[in-house]
Each structure stands twice: as structure tokens, then as C-alpha cells.
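Notes to accompany the following structure.
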């Protein structure tokens, strides 16, 4: 499978994955990228992740708070809003239905 195809699929679901990564509590960008990387999505660069976080914040799906740290630069912590939880639930169900349909078609074609 080409890396371009995987990148396209990933960008299509990244908003949903970021929302899902915040269900366990607030987090900052680098930590979100590490979690998603550990889940099998590979290295996620800031140029990919931060525009998504900004878009989600503008849509009131996540809230952001800047906090100074004792060492190094401060961090923006992101948390899921009530509206973000609703969107995650709705869009998550739609994604799972889509995934199920894709799997069904591929299985009929002999792809396992």
C-alpha cells in the first residue's frame, strides 16, 4: 500500500482520532501525537496535528488552556468539550458503520 494512500486515509479520520484521544482527560499536542503514534499511526508531525487542534478549538469541540512550566516552554492543554463528546459519538458511529461497509465489500472480494 502506498504511503500516500495511508496518509490520505489518516487525514480523513484525524479529527476523530484527536477527539477520541482526549476522552481520558486533557492533554497537550506532543502527548496526543505520541499516543496516536503508539496506536500504530506512525510519527505525527506538528504541522499535521496543530492545525487540527486549532480547527477543533475554533469549532468549540475542544477547549485549550496555556500553562507555563517550570522547565522549558509552556504548553497548551486541550480538553474535550460537551459538544466535542457529542460530535465524537455521532461521527464515531458513522465511521464505524463506514468501516463495517468497507470490510464487508472487501471480505466478499476475498480480502482478509
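Structure values in brief
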item: Degrees between helix 46-58 axis and first principal axis of the chain (Cα, 0 to 90, nearest 10); result: 80 degrees
item: Binned Cα-Cα distance frequencies in segment 3-108 - 10 Å width, integer %; result: 13, 43, 31, 10, 2, 0
item: Part-to-part distance (alpha-carbon centres) for segment 33-109 and segment 5-22, which is given in Å; result: 6 Å
item: Helix 82-108 vs. the chain, principal-axis angle (Cα, 0 to 90°, nearest 10); result: 20 degrees
item: Residue order, fewest to most beta carbons within 10 Å, for 111, 87, 18; result: 111, 87, 18
item: Relative contact order computed over segment 30-112 (Cα-Cα under 8 Å; 6+ residues apart), in percent; result: 16 percent
item: Acute angle (nearest 10 degrees) that the helix 3-21 long axis makes with the longest principal axis of the chain, alpha-carbon atoms; result: 50 degrees
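Readers should treat all values here as calculations from the given coordinates under stated rules, not as data from a laboratory. Note that the structure is a prediction, hence the values are computed from the model and not measured. All Cβ positions, even for glycine, are placed from backbone atoms using ideal geometry, and neighbour counts span all protein chains on display.
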